[in-house]
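Data block below; observations after.
The values are calculated or read from the model by the stated rules, or taken from the named source; none is laboratory data. If you're wondering where the values come from, they're calculated on a predicted model, not measured in any experiment. Backbone-built Cβ (ideal geometry, glycine too); neighbour counts: all protein chains shown. With ligands, DNA and RNA removed, areas are computed over all heavy atoms of the protein, side chains included. Shrake-Rupley method; radii C 1.70, N 1.55, O 1.52, S 1.80 Å.
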Amino acid sequence: MQEPNKYLAIRLRTLRKERGWSLDRCASETGVSKAMLGQIERGESSPTIATLWKIAGGFHTSLSDFLEPTPEPHPGPLYRQADRLRRQPAGDGILVAPLFPFEGRFGFEMLELTLLPGYERRSEPHEPGVIEHVIVQRGEMELLLEGRWQPLAPGAAVRFHADRPHSYRNPGDTPAVFYNLIHYPKP
């Protein structure tokens, strides 16, 4: 079992047990099949980013909660290196680096996302009140908001309500890299 898959397997099983959910209930809450959830828990399957988002949504938690443990609180600076964190779930056309995983005390997670050429990600609406901030670092991409694709070039920054349908795509022939800060409202 690869290390990221091992963490994901343990985290999924732990959250499910904490809630007292069977695999059937987990499948119902997440929209992911019981068979797939079982494979993930056993470390036999590496889910796509779309599947990970479904699981996170069903548990009402952040995506980064399934990528790596929450950093321990400490008084000093927290240094992170995207090159060391970046991975490609299930061979998807997207690379994910959880720069700052979700911590409840801050209410957000910050991801570096790389869309490979031709990749399109249709995102399900997040929980009510979730806000995304997208800042394009390099390459060009498009963001679907309110039914319209918006072209974004390096330096473009957009904030939007992520509790509505939205999508990302890279219609070009070079990777598009952007930062995605996702703010979750306090319960």
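Give me the pairs, please: first residue somewhere in the stretch 57-68 and part of a loop (DSSP other than H, G, I, E, B), second residue anywhere and open to solvent by less than 10 Å² (accessible area, probe 1.4 Å) and among the charged types (D, E, K, R), beta-carbon distance under 6 Å, and either six or more positions apart or on two chains.
That search, which allows pairs on different chains as well, returns SER62/GLU109.
Could you list, in sequence order, the residues of the stretch 46-56 that are open to solvent by 20 Å² or more (accessible area, probe 1.4 Å) and in a loop (DSSP other than H, G, I, E, B)?
Result: SER46, THR48.
Considering every residue within the stretch 82-89, establish whether at least one is within 18 Å of THR51 (Cβ to Cβ), outside any loop (DSSP other than H, G, I, E, B), in contact (Cβ under 8 Å) with a residue 40 or more places away in the chain and open to solvent by less than 50 Å² (accessible area, probe 1.4 Å).
Yes: the stretch 82-89 contains one or more residues that are within 18 Å of THR51 (Cβ to Cβ), outside any loop (DSSP other than H, G, I, E, B), in contact (Cβ under 8 Å) with a residue 40 or more places away in the chain and open to solvent by less than 50 Å² (accessible area, probe 1.4 Å).
Inside the stretch 98-126, can you point out the residues that are under 20 Å from HIS60 (Cα atoms), in contact with a Gly (Cβ under 9 Å, 6 or more places away or on another chain) and open to solvent by 50 Å² or more (accessible area, probe 1.4 Å)?
Within the stretch 98-126, GLU124, PRO125 meet the criteria.
Scan the stretch 97-123 and report the pairs whose first residue is under 16 Å from MET141 (Cα atoms) and whose second residue is among the β-branched types (Val, Ile, Thr) and open to solvent by 40 Å² or more (accessible area, probe 1.4 Å), with Cβ atoms within less than 8 Å and a gap of 6+ or a chain change.
Pairs found: PRO117/THR174.
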